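The values are calculated or read from the model by the stated rules, or taken from the named source; none is laboratory data. Computed from a prediction, not measured in an experiment: that's the story for all the values here. Positions of Cβ are generated from backbone atoms using ideal geometry, with glycine treated the same way; all protein chains shown enter the neighbour counts.
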Amino acid sequence: MANNNRNQNNNGKMTVQEAGRKGGEATSNNHNQEFYQEIGRKGGEASNGNNQNNNGNNNGGKMSREEAGRKGGEASRRNNNNNNNNN
């Protein structure tokens, strides 16, 4: 009910945050862990190490695309398992 009130206060429009959340959930429901690992791997290959800073450390304090894909796949699997347990 809280979501309905928030949407009504915004002239029936969805906030950017709500749209992002819904899109992420839909994508998570449509793809499995391997999908996220593969796009992470492809992103890492596409960057080809071009993100290096002056110290030679190529992550600049950020996680790699491959790691992000792996974590996304794990989160997706956990969410799908939780959704299946709730049904």
When (1) loosely packed, with under 11 Cβ neighbours inside 10 Å; (2) at pLDDT 85 or above; (3) not β-branched (Val, Ile, Thr) are applied to residue 32, the one that fails is (1)
Of all residues making up the stretch 35-66, the number that are modelled with pLDDT of 80 or more and over 12 Å from the mean Cα position of the chain (by Cα) | 9
Are any residues in the stretch 2-23 part of a helix (DSSP H, G or I) and modelled with pLDDT of 90 or more, and if so, which ones?
-> 16, 17, 18, 19, 20, 21, 22, 23
